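Remarks on the structure that follows.
The values are calculated or read from the model by the stated rules, or taken from the named source; none is laboratory data. What you are looking at is a predicted structure, and each value in this text was computed from that prediction instead of being measured. Note that each Cβ is placed from the backbone with ideal geometry, even for glycine, and that neighbours are counted across all protein chains shown. What goes into the accessible areas is simple: the full protein's heavy atoms, side chains included, and nothing from ligands, DNA or RNA. Shrake-Rupley method; radii C 1.70, N 1.55, O 1.52, S 1.80 Å.
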Amino acid sequence: MSEKIKIKIDREFCKGCGICIKYCPRDVLDESDDLNQYDNHFPEVVRSERCISCRRCELYCPDFAIEVKEEKE
Amino acid sequence: MMKVRIGGWAGQGTVRAGTILGKALALEQDLHVVQQRSYSAAVRSGIAYSDVIVDKDELNELVIEVPDYLLVLYQDTLDEWWDIAERTEHLIVDTTRVTDFSGFEGEVHQVPAGRMAEKIGTSKAANVVLLGSLAGISDEIKLESLEKTIRVEFPEKYVDLNVEALKKGYERVKR
Amino acid sequence: MMNPGEYFIEGNIACAEAAMKAGVKFFGGYPITPASEIMNHLSDELPKVGGRFVQMEDEIASIASVIGSSWTGLKSMTATSGPGFSLMQENLGYAVMTETPCVIVNVQRAGPSTGQATKPGTGDVMQSRFGSQGDYEIIALSPNSAQEMFDQTVRAFNLAERYRTPVVMLADAGVGQMREKVTIPGEVEGEERKRPTSDEKEFFDTDDEDYVPPMPDFGDGYELLVTGSTHLGDGTRDTASFSAQDRLVRRLVAKIEENRTEIEDWEEHHVEGADLVVVSYGSMSRPAKGAVQKAREDGKDVGFFRPKTMWPSPEKRLKEIGKNSKVLLVELSLRGYRMEVERCVGSEDFYVHDRLNSLPTIEEVHQKIEEVLR
Amino acid sequence: MINAEMIKEKYVRNHPSPFCPGCGGGMVLNAMSRAVEKSGLEKEDVAAVSGIGCAAWIPSPHWRVDTLHTTHGRAVAFASGIKIANRDLEVMVVSGDGDCAGIGGNHLLHGARNNIDLNVLMVNNGLYAMTGGQVAPTTEHGEETLTTPHGNPSSSFEAAEVVKAAGASHVARWTTYHMDELIEEVEKAINTEGFSFIEVLAQCPTRKGKKEGMDGLDMLEWYKNNTSKEKDRDKLYVGTLADIERPELTQEIYRQIEGFRGD
């Protein structure tokens, strides 16, 4: 049974610090071109297939704005 | 109203004597009593004293200007209090330590309390000897109430000694 | 803890015994003359009744520990004198703002500053009411005998629990260190703080008529938000909105103000229609009362009035007295209660006999009464 | 499983926080929550006490446990009252460096001396951030701050070393870069019977980073490059500084009380 990994980004909680992008060991994330309501460039998933669900992003996000979800298919 | 001041040198048990007297009058004789201690003076000159004020009714006088009974255990104390001593009705001195009261016009109750106490066992009981004498002089202070108080106030091994000191002091002035 | 009965003890000891009778289970303190006997006694006795005693590093920490303890549900107290009381002011305000029941005994001594450590004074009356920052009301009591050091300590705990507020016992070195007969009863009437009854979530606001919200303990699972900053009913900090500040601070003041008839307490004799009423409090009220008795024995129409609650002040009664009689305030400081009494009675025919360092004789106050009547 | 979703759901409230973008405050909140979760403690058995400043806002109102947000510098003293009154509570203190080592320095020393069973997280950003970036007891000598525009004439205070010397059972230093180690250390603190003190170097991008041209991420990188788990002369040591057994105040107080009960 394979697992599908989904990364949920709470755009409105994100303050655009970029820590998750930097500390993702697999370069899954990148800065968005869009802005949220606080004028922050939130992260977006650009290489979802590379995610190994290590959850470093969750650990380092100061704002609880990113979650890695593993959904069983 | 009756006002008693017990004064001496720090360490002579003046506060203890005041407490015993106050307790005896308050609890055994059911009178209104206020007892206060002074220790600020001890810093300056070493004088320590205890004031006991007694009344049958509600007691609101908390200050002794001139005591009815002045008990003194130390010469320096008497010298310092001379203006008070001159006006007191009853001056009771421990002649072991207080030897010069020549200017005093009234009757001086002379009790060699220190020597008497030493004979019983310890000169530390001079304060209790003087309390006994006080009971002998005053009609209002009952020897039995002091004795009862001493029996609860002191650790058991010192009770007999202090009761004896009390009685000796009493007998000395009654004789 | 002493068995019920009659004792010949110092006011400070009576205070400590009363605290245990009232159910104190935490004392945090720091030594200071002339209040130390309270903590000395409790350090020995409190553990024997299951209470926690701790000597903290200073008075700031003492009151802080007391407030922390109170939030776990324990009746908590500290005792100090002027210099320590000054240090406690910020956290006293914190206790007001967070509605934390606790008792702070201030055995007042002569100030300002270090002043005279062993000498009585009543110069902290205004500080007890206005010493912390911001708008607030407080309860402060004034005992005038060793027995009242007992009785009013019990009342201080009851008021603190009843109104969820710090209560200050404004004793002085006179009553704290005098030995008198004290009757210790078997049981005392005890008040317990209002607890949450259902699934309430608001512990910092209420529509109850007494203005007192329920108070849970830490550890009850309410995920409490307790803060000295302005907060909403659920404790959430709100440091910006008009409505939060207005609603909270008005209620905190109303909690004391609107309940003042229940809180106020005083002793009075022959006040009605007297030519002169002597107002006094604390140890100084004893010779003042004695002087009134003496004046009455001389046939003078002199009354006696003694506030037992300094705050809230017995304002209404003082106003009535001021309307009909001359008033002589007798106090052991120059500025202690003067402004408040003067405000209440009005300035006409208001006289003061103030003294520093030590109590006067009855005769001294009596002479002042004669002078005022002349 | 411990993940962001459950931590957020169970431990975090009132988010988004008012912390600046890239601030370390949220990371400390995350680490504390995970440590409590790992330790197996029930949430209602945890009390958090804080003083004044940005760090004080980490638990209050954002941590979903009983919180006491107190006066400036006094958190350890308030927390001591809670602990002595109810020893079943696990009491956490979250305090900034100014709050903890400056105005509250005396309480910190005596908390350590008493070895009272508190877990103190000193969140060290090296200055007074909430009030605009003034010099703190932890600011390096020579550093420019709002109130040391000509360089800090004073020297910094090694709080962890001082607390160790004062007698705390457990002393450690980490940074927000070391999230895994920090969580483990907080869990260790919880399991220590005695005063636990963890200095957490945490980035303040707004008051400190900006003047040095660094954002939060740059500061994390700085922590990574300038700290060492080995005692390295050129780098700041991170890791455990003390781990000793000593009598603990609360237990001693209860032992005395229980002695009387046994009579």
Sorted largest first, the C-alpha extents of the range C:265-373 along its principal axes in whole angstrom are 33, 31, 24
Here the residues of the range C:261-302 whose accessible area is at least 10 Å² smaller with all protein chains than in the chain alone (probe 1.4 Å) are C:ARG286, C:PRO287, C:LYS289, C:GLN293
For D:THR148, other-chain or 5+-apart residues with amide H closer than 5 Å (H placed, Pro excluded) are D:VAL135
Most packed first (mean Cβ within 10 Å per residue), the peptides C:240-251, D:84-95 order as D:84-95, C:240-251
Counting only residues 5 or more apart in sequence or on a different chain, those whose built amide H sits under 5 Å from that of B:THR96 are B:ALA113, B:GLY114, B:ARG115
Measure of exposure for C:ARG195: accessible area at 1.4 Å probe, Å² rounded to 10, is 90
1/(1 + (r/R0)^6) with r = Cβ-Cβ of D:GLU230 and C:ASP234, R0 = 45 Å, i.e. FRET efficiency to nearest 0.05, evaluates to 0.40
Taking a probe of 1.4 Å and leaving out DNA, RNA and ligands, chain D shows per residue an accessible area in Å² of 37
On complex formation of D with A, accessible surface lost, both sides summed, probe 1.4 Å, nearest 100 Å², amounts to 2200
SASA check, C:TYR163, accessible area w/ 1.4 Å probe, all protein chains in place, rounded to nearest 10 Å², comes out at 0
Sorting C:TYR281, C:TYR351 on solvent-accessible surface, 1.4 Å probe, most exposed first, gives C:TYR351, C:TYR281
Length-normalised contact order of chain B, Cα under 8 Å, at least 6 apart, in percent, tallies to 21
C:LYS316 and D:THR147 label points (each 7 Å along its Cα→Cβ direction) are spaced in nm at 4.9
Averaged over the residues of D:15-25, the number of partner chain Cβ atoms within 10 Å of each residue's own Cβ comes to 5
Beyond 53 Å, the calculated P(r) of the protein assembly as shown holds a percent of Cα-Cα pairs equal to 28
The orientation-averaged projected area of the Cα convex hull of the range B:2-174, in nm², is 9.0
With every protein chain in place, the accessible area of C:PHE130 for a 1.4 Å probe, in Å² rounded to the nearest 10, comes to 120
FRET efficiency for A:ARG50 and D:GLU9 from the Cβ-Cβ distance with R0 = 30 Å, rounded to 0.05, comes out at 0.65
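Taking a temperature of 37 °C and a viscosity of 0.692 mPa s, what whole-number D in µm²/s does Stokes-Einstein yield for the range C:77-205 with Rh from Kirkwood over alpha carbon pairs? List each step's numbers first, then the result.
Numbers: Rh = 15.6 Å.
So the translational diffusion coefficient is about 211 µm²/s.
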The ³J(HN,Hα) series, computed from each phi in the range D:224-234 with the Karplus coefficients 6.51, -1.76 and 1.60 at θ = phi - 60°, rounded to the nearest Hz and given as x for glycine or proline, is 4, 7, 10, 10, 8, 7, 9, 6, 10, 4, 8
Note to self: C-alpha centroids of the range B:149-175 and the range C:329-374 sit apart, in Å, by 45
Ratio for the range C:1-68, C-alpha Rg to 2.2 N^0.38 Å, reads 1.09
Amide H neighbours of A:ILE66 at under 5 Å, excluding residues fewer than 5 places away on the same chain, with H built from the backbone geometry, are A:ASP10
In order over the range D:206-216: 3J(HN,Hα) from phi, Karplus 6.51/-1.76/1.60, θ = phi - 60°, whole Hz, x for each Gly or Pro, gives 6, 8, 9, x, 4, 5, 9, x, 10, 9, x
Here the whole-number average of other chain Cβ atoms within 10 Å per Cβ of C:213-224 is 5
If the label point sits 7 Å along Cα→Cβ of C:GLU348, residues of the range C:256-290 with amide N under 20 Å come out as C:272-279
Chain D, Kirkwood Rh and Cα Rg, ratio Rg/Rh at 0.97
Heavy-atom accessible surface buried between C and B, both sides counted, 1.4 angstrom probe, nearest 100 Å², is 1900
Rounded to the nearest Å, the spacing of the alpha-carbon centers of the range B:74-117 and the range C:298-320 is 45
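Per the Cauchy relation, a quarter of the hull surface: what is the mean projected area of the convex hull of the alpha carbons in the range C:210-325, in nm²?
10.4
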Taking the square root of 5λ for each eigenvalue of the C-alpha gyration tensor of chain C, the equivalent ellipsoid has semi-axes, largest first and in whole angstrom, of 35, 24, 18
Note, the range B:72-88: 3J(HN,Hα) by Karplus (6.51, -1.76, 1.60, θ = phi - 60°), whole Hz, Gly/Pro = x, goes 10, 10, 8, 4, 4, 5, 5, 4, 5, 9, 3, 5, 6, 4, 4, 9, 6
The range A:3-72, Kirkwood Rh and Cα Rg, ratio Rg/Rh at 0.94
When chain D is treated as a Gaussian network with springs between alpha carbons less than 10 Å apart, the largest mean-square fluctuation among D:HIS15, D:HIS72, D:HIS178 is found at D:HIS15
Between D:GLN134 and B:ARG87, the two model label points (7 Å from Cα along the beta-carbon direction) sit apart by a distance in nm of 5.7
Computed over chain D, the relative contact order (Cα-Cα under 8 Å, seq sep at least six) in percent reads 18
Note: A:17-25 gets an average of partner chain Cβ contacts (10 Å, Cβ to Cβ) equal to 4
Computed over all unlike Cα pairs, the Kirkwood hydrodynamic radius of the range C:1-140 in Å stands at 15.2
From the cross-link list A:LYS72/D:LYS224; A:LYS15/D:LYS211; A:LYS4/D:LYS188; C:LYS201/D:LYS43; D:LYS210/D:LYS235, the entries with a Cα-Cα span beyond 28 Å are A:LYS72/D:LYS224; A:LYS4/D:LYS188
